[in-house]
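So the structure is just underneath, and the comments pick up after that.
Values quoted throughout were computed directly from the atomic coordinates according to the rules given, and no laboratory measurement underlies them. None of these values were measured; they are calculated from a predicted model. Using ideal geometry, Cβ is built from the backbone for each residue, glycine included, and neighbour counts are taken over all protein chains shown.
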Amino acid sequence: MEITKSAIAGTLESSDAQVTIEPAQAGLELEICSSVADQYGRQIKAVALETLSALGVKAAKVVINDKGALDCTIKARTECAVYRASGADPDGKVNWGGVK
């Protein structure tokens, strides 16, 4: 999936994450801002990269501002930001979470 514009998903509320994504020339650049980065930073990174890979994103700058979100929330926010930034399926028939 090609990222064509900037997009944001999520909030800065407790137990949530705000994911910002924008186009990049090549490769993935991932920045994680989290008060629990020492404990969970590797897991946040793994979930984000796995989600981006599953969606076929090869070039993007992604910033995750984590406020203690669970893995499922990070995945959902990342998916939403990617779909918004790629303009995928404007009719609302998005394949959320890989469910058919």
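Taken over the chain, the percentage of Cα pairs per 5 Å bin, counting from 0 up to the bin with the maximum distance, is 3, 14, 27, 26, 18, 10, 2, 0, 0.
Against the chain, whose longest principal axis is taken from its Cα atoms, helix 71-86 shows a tilt of about 40°. When the range 7-88 is described by a simple charge dipole with +1 on each Lys and Arg Cβ and -1 on each Asp and Glu Cβ, the residue from ILE8, ALA88, VAL47 located farthest towards its positive end is ALA88. Rounded to the nearest 10 degrees, the inclination of helix 37-54 to the longest alpha-carbon principal axis of the chain is 10 degrees.
Put a dot 7 Å past the Cα of LEU12, heading toward its Cβ, do the same for ASP38, and the two dots end up 2.3 nm apart. When DSSP assigns beta bridges and you keep just the ones with both residues in the chain, what percent turn out antiparallel, to the nearest 5? Restricted to the chain, the bridges split so that about 55 percent are antiparallel.
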